[in-house]
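Novice: Pasting a structure here, questions to come.
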Amino acid sequence: EVDTVKFGELRRSFKAWCIVKPSKVVAIVSDVDGIVKKINFKPGEYIKEGDTFAQIYRGSVYRSLPIISSSGGVLDGVFVEEGSPVKAGTVLGVISMGRREVEIYIPLKMRKMVKVGGEFLLNGKVGKINYISNIPADSILSFVARGNLEGAVEVGIYTCNVILEKRKDVHFVRSSAILGDTLVYKVVGDRVKAVKVKRIFEDDEGNIAIESELRRGDTVVVLGGEMLREGSRVAFEAVLKNPSSGRPSSL
């Protein structure tokens, strides 16, 4: 089996529980008694200042009253349903403004490896750690870290990936391509060439950054290399599915 040499960024991380909280919250409040006739937004949607969040029906004598948002931000929660009776002063929903704050629970054994200024990943977004407690919380047997996260992520409990180390702009291969820690077989035409490599870094998915003459796109052996030696001839067989039977056919 063969694969190609890749080029890019590798990361080593661990998973941790985290809680996403709004950094600043503004309440949307009903000005009058009535019944919620319509709600125009759902949690997670963005509301602009001046948007009509809801309509409150006040009876046949009075017209419906629009409830206008006084701030822009992400709608974090809706506390009433259409058809619900409300009193003046009832909180209908809350908007969070700006960044999200994230609490991350660092296992005791990982504390020394996590640094202020380090990064974490949550739902494809990158956050930065700006605080780590020096005393663990006894109730959860973890250190509490805090960070900021850009973007509209719903408030709630998640698992996030805390980045321990990353390397940018490196050539890397699958770990199975390296024999005896230092040797990779590169395919050149119908033969293989033994190439010495130096391991630099291994990520969470079994990719290893290397220093060598190998470059992006080079074909290397990732399975069966232990049966080869310098100059061994290799042949490839393409296996396709027969469209009529669905069974493999060789070319």
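The values are calculated or read from the model by the stated rules, or taken from the named source; none is laboratory data. All values reported here derive from a predicted model rather than from experimental measurement. Virtual Cβ from ideal backbone geometry, glycine too; neighbours counted across all protein chains shown. Surface areas here come from the heavy atoms of the whole protein model, side chains and all, with no ligands, DNA or RNA. Shrake-Rupley method; radii C 1.70, N 1.55, O 1.52, S 1.80 Å.
Novice: Beyond 23 Å, what percent of the Cα pairs of the range 112-197 remain?
Specialist: In whole percent, the share of Cα-Cα pairs in the range 112-197 beyond 23 Å is 49.
Novice: Largest first and to the nearest Å, give the Cα extent of the range 48-185 along each principal axis.
Specialist: That works out to 86, 41, 23 Å along the principal axes.
Novice: Further question on the same structure: Taking the Cα centre of the chain as origin, work out the dipole magnitude from +1 charges on Lys and Arg Cβ and -1 charges on Asp and Glu Cβ, in debye rounded to 20.
Specialist: 340
Novice: Tell me which of MET110, ILE56, MET97 sits at the most positive position along the dipole axis of the chain, charges placed on C-beta atoms (Lys, Arg +1; Asp, Glu -1).
Specialist: MET110
Novice: Also, I was wondering about something else. Most mobile of ARG63, ARG216, ARG174 per a Gaussian network model of the chain (Cα springs, under 10 Å)?
Specialist: Among ARG63, ARG216, ARG174, the largest GNM mean-square fluctuation belongs to ARG63.
Novice: May I ask you to rank ILE104, ILE35 by accessible area, largest first, using a 1.4 Å probe over the protein chains only?
Specialist: ILE35, ILE104
Novice: Would you mind working out the accessible area per residue for the chain, using a 1.4 Å probe, and quoting it in Å²?
Specialist: Here the residues of the chain average 59 Å² of exposed surface.
Novice: Separate question: When the solvent-accessible surface of protein heavy atoms is calculated with a 1.4 angstrom probe, in what order do LYS109, LYS87, LYS6 fall, highest first?
Specialist: Result, largest first: LYS109, LYS87, LYS6.
Novice: To continue, here is another question. Computing the accessible area with a 1.4 Å probe over protein heavy atoms, can you report the carbon and sulfur percentage for the range 1-124?
Specialist: 54
Novice: Another question, if that's okay. Amide H of VAL197: which non-local residues (sequence gap of 5 or more, or other chain) have their own amide H closer than 5 Å, using H built in the peptide plane?
Specialist: Under 5 Å from the amide H of VAL197 lie the amide H atoms of LEU183, VAL184, each far enough along the sequence or on another chain.
Novice: Under 1.5 on a/c is rounded, so check that first for the chain, then, if it is not, pick prolate when a/b is larger than b/c and oblate when it is not; a ≥ b ≥ c are the square roots of the alpha carbon gyration tensor eigenvalues.
Specialist: It comes out prolate by the Cα gyration axes.
Novice: Tell me, what is the 1.4 Å probe accessible area of PHE41, in Å² to the nearest 10?
Specialist: 40
Novice: Okay, next question. Taking Cα centroids, how far is the range 188-209 from the range 115-153 in Å?
Specialist: 34
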